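The values are calculated or read from the model by the stated rules, or taken from the named source; none is laboratory data. Predicted, not measured: the structure shown is a model, and the values here were computed from it. In this analysis, Cβ positions are derived from the backbone assuming ideal geometry, glycine residues included, and neighbour counts consider all displayed protein chains. Calculation scope for accessible area: heavy atoms of the full protein, side chains included, ligands and nucleic acids excluded. Shrake-Rupley method; radii C 1.70, N 1.55, O 1.52, S 1.80 Å.
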Amino acid sequence: MSEYLYKRVLLKLSGEALMGNGGCSIDPSVIERLSLQIRELVEARIEVGIVVGGGNIFRGMSGAAGGMDRAQADYMGMLATVMNALALQDALERLGCPCRVMSAIQMNEVCEPYIRRRAIRHLEQGDVVIFAAGSGNPFFTTDTAAALRACEIGADCLLKATKVDGVYDKDPCTNDDAVRFETITYHEVLVRGLRVMDATAAALCQDNSMPIIVLNIDGKDHIRRALAGEPVGTVIVQEG
């Protein structure tokens, strides 16, 4: 444990991160690779909470853009996150890593209802806790759900694992001269309109002094290295 800077972390995984390059909604090899990294943290006695998106199966914003009622589309997106959470739970348990899925929408046959104190107790006992169904409310993204759960469980940091290796001053996919920040403040993220996560999530982390580490999920040990304080990705911190 001594090599790590954080004892309790909240890992935000995008649904797209589970797809891999094969085009299927959930790539078993990607799930296994992520699970091995998570198990390594648990073995080092780090308490791990996870919020997973559902964009690999259904994205509420896209449904709304296609004419669907926004609230209805968002509820469908929440159900997609439950499917991803169950897939990740299965992979973790096959590796011998105890795991709980807690849903913001009650579906007692497949997962537990989210209760904050119970979630904290599971973490203290060494179980990975996957928070599914976002915040349970439409019009809020899973980024906001991740920020909310991180604050609720008293996490030491929020790790956002994406397809990009940090925060850039412009889109690195379309701009060759994009510059990556090693450290940036919440204020700069909000003022510059950088697409790290939605403004509600960034503001919630700012208000609660929750550090955010944005990193590339594709590296086999990026999560471990980031939690050990190595310069992986971008760290978003409070001013001063």
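Structure notes:
- Flag for Ala155 being among the aliphatic types (A, V, I, L, M), within 21 Å of Gly53 (Cβ to Cβ), modelled with pLDDT of 90 or more and open to solvent by less than 80 Å² (accessible area, probe 1.4 Å): yes
- Contacts under 7 angstrom Cβ, first residue in segment 193-204 being in contact (Cβ under 8 Å) with a residue 12 or more places away in the chain and of a type in the set (Val, Ile, Thr), partner surrounded by 15 or more Cβ atoms within 10 Å (Cβ to Cβ) and in a helix (DSSP H, G or I), 6 or more apart: Val196/Val189; Val196/Ala202; Thr200/Thr144
- Yes/no for Asp165 being more than 26 Å from Ser29 (Cβ to Cβ) and in a loop (DSSP other than H, G, I, E, B): no
- Screening the candidates Val82, Val51 for the property of being of a type outside the set (Lys, Arg), part of a helix (DSSP H, G or I), closer than 20 Å to Ala150 by Cβ and in contact (Cβ under 8 Å) with a residue 24 or more places away in the chain yields one hit, Val82.
- Qualifying residues in segment 34-46 (those that are farther than 14 Å from Val129 by Cα and open to solvent by less than 70 Å² (accessible area, probe 1.4 Å)) - the one farthest from the chain's Cα centre (by Cα): Ala44
- Subset of segment 48-73 (residues that are within 20 Å of the chain's Cα centre (by Cα) and open to solvent by less than 20 Å² (accessible area, probe 1.4 Å)): Val48, Gly49, Ile50, Val51, Val52, Gly53, Gly54, Asn56, Gly60
- Every residue from segment 163-174 that is in contact with a strand residue (DSSP E or B) (Cβ under 9 Å, 6 or more places away or on another chain) and open to solvent by 50 Å² or more (accessible area, probe 1.4 Å): Lys163, Asp165, Asp169
- Qualifying residue in segment 181-188 (condition: open to solvent by less than 40 Å² (accessible area, probe 1.4 Å) and part of a loop (DSSP other than H, G, I, E, B)): no
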